[in-house]
Amino acid sequence: GRLDIGKGFATTVHSTLFYLLDFREGESWDDPSWMKLNPWGFKYDPTIKRRDSWTIPSEVKGFASNYGRRGLPEDKGDVFAHLVAQPAELKKRLPEDKILDRKVQTIKTICKQLCPQLDESWWAAFEK
């Protein structure tokens with residue numbers, strides 16, 4: 001099918017925003033606690049290209065899209081971006097993907113630590 005530029009653009013903007021926030025906290029490139037959330041034995045694949053991959057749900061459990069499998073910063077940013085730009089689609093997948101659900105909860109915790117106003121009611125506003 002065709003690439004949905006709207007979703008792709010929104011995902012790119014929001015993942016980049018999260019990189020900047022997370023980099024400020026020094027966690028983007030080295031986060032052992034995030035790595036432990038991944039499936040056992042998983043290794044990121046830096047050869048995955050951005051084009052077309054951010055709107056395609058990952059066939060590997062634990063990832064918002066194939067692009068999140070590229071690297072640790074991309075994984076975290078991609079979960080955040082899907083929470084903001086595609087929350088309903090992401091939420092539908094969580095009951096069947098406990099790894100992704102733990103990543104979603106971790107991103108929400110990170111955001112709340114950065115800004116206490118980013119609580120469950122703030123996230124719920126995106127689902128409307």
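Just so it is clear, none of the values below were taken in a lab; they were calculated from the coordinates. As the structure is a computational prediction, the values presented were derived from the model and not from experiment. FYI the Cβ positions are ideal-geometry reconstructions off the backbone, even for glycines, and counts take in every protein chain you see.
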Checklist entry - For the modelled label position 7 Å from the Cα of K112 along Cα-to-Cβ, which residues of region 66-83 have backbone nitrogen atoms closer than 17 Å? => result 80, 83
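Would you kindly work out the equivalent ellipsoid of region 35-128 from its C-alpha gyration tensor and give its semi-axes, the square roots of five times the eigenvalues, largest first in whole Å? Kindly include the intermediate steps, with their values, before the conclusion.
Details: eigenvalues 93, 40, 32 Å².
The equivalent ellipsoid of region 35-128 has semi-axes of 22, 14, 13 Å.
Loop only per DSSP, at most 13 neighbouring Cβ atoms within 10 Å: give me the trypsin sites (Lys or Arg not before Pro) in region 37-108, ordered by residue number. If you can, show how the numbers build up before the last one.
Values: sites: K43, K49, R50, R51, K61, R69, R70, K76, K91, K92, R93, K98, R102, K103, K108; in loops: K43, K49, R50, R51, K61, R70.
Those satisfying the criteria are K43, K49, R51.
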